[in-house]
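Worksheet for the structure shown next.
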Amino acid sequence: MTETKTVFLVDDDQGMRDSMALILELAGYRVKTFASATDFLDGFSPDEHGCLLLDQRMPEMSGLDLQQVLAERGCPLPIIFLSAFGDVPTTVRAIQGGAMDFLEKPASPEILIQRIDAALEEDRKRREEAATENDILQRFRQLTPRENEVLLLTTQGLTNKDIARQLGISPRTVENHRARMMEKMQASNLADLCRMAATCLSHANGR
């Protein structure tokens, strides 16, 4: 756990917020509390790392509604629901929406801390994967249209001669385009290139 990782606690019950914040701060976490989902949306920056400890039943906007808003915004923050009114349909909807856990109040501090540590580790992994994906996309954007075509055909298993015939250019020209494309993508081999191409395709399809 690092100082940049924060537990964001959203609960409309001030007594619950205060007691939970005390428990978590004593456990060594940095805690930010919010009285409503709206307050959280107003005060949260996507650059902040951590996890969200979220009540379900709140005025104006429920925890599930906030979860949906964050998903629509592409926010990678892991969510742990903590509610006194958990039921099977609500729990299923939360988990299907990407929540890491749905705990009933009062949750034991030991279990809560265990879940928070897992959520913080998940946040680290998600942001690391996002950074890697962004790096690959930046490399991909450096390709010329012809290098892009060579990449696509190469990852489809075509040889240089096959690509040359399909594009109407010489095999030697294909080799040159392929060499520059591999260098720009920083791909060490075909398998590496295929993994990168899959990342680009997933992004293009709005994964």
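Things worth noting here:
- Max mean-square fluctuation residue, GNM over the chain, Cα-Cα springs under 10 Å, options GLN114, GLN166, GLN14: GLN166
- Positive minus negative residues near GLN186 (Lys, Arg vs Asp, Glu; Cβ under 13 Å): +1
- The range 26-59 and the range 154-207: distance between their alpha carbon centers, rounded to Å: 44 Å
- Relative contact order of the range 26-107, pairs being alpha-carbon contacts under 8 Å that are 6 or more residues apart, as %: 26 percent
- The slack in the chain from LYS184 to ASP47, taken as 0.36 nm per residue of separation less the alpha-carbon distance, amounts to 46.5 nm.
- Other residues lying with their Cβ under 13 Å from the Cβ of ALA84 contribute a combined charge of -4, Lys and Arg counting +1, Asp and Glu -1.
- Springs join every pair of Cα atoms under 10 Å in this Gaussian network model of the chain, and among GLY63, GLY43, GLY168 the largest mean-square fluctuation is at GLY168.
- Between the beta carbons of SER170 and ASP192, assuming R0 = 22 Å, the FRET efficiency works out to 0.25 to the nearest 0.05.
- Charged neighbours of GLN166, selected by a Cβ distance under 14 Å, balance to +2 (K, R count +1; D, E count -1).
- ALA35/PHE85 FRET efficiency (R0 25 Å; Cβ-Cβ; nearest 0.05): 0.90
- Using C-alpha pairs under 8 Å with a sequence gap of at least 6, the mean separation divided by the residue count of the range 142-204 gives a relative contact order of 36 percent.
- Cβ-Cβ distance of GLN156 and ALA71, R₀ of 35 Å, FRET efficiency by 1/(1 + (r/R0)^6): the value works out to about 0.60.
- For the range 49-155, the set of GluC sites (Glu not before Pro) satisfying both a DSSP loop assignment and a count of at most 12 other C-beta atoms within 10 Å is given as GLU60.
- Selection among LEU66, ALA197, THR91 by position relative to the dipole of the chain gives ALA197 as farthest towards the positive end (Cβ unit charges, Cα centre).
- Cα-based Lys proximity count in the chain, under 26 Å, for pairs eight or more positions apart or on separate chains: 7
- Residues considered: LEU53, LEU64, LEU137. Largest GNM mean-square fluctuation over the chain, using C-alpha springs under 10 Å, is found at LEU137.
Values quoted throughout were computed directly from the atomic coordinates according to the rules given, and no laboratory measurement underlies them. This structure is a prediction, so every number in the text was calculated from the model and none was measured. So basically every Cβ, Gly included, is an ideal-geometry build from the backbone, and we count neighbours across all protein chains shown.
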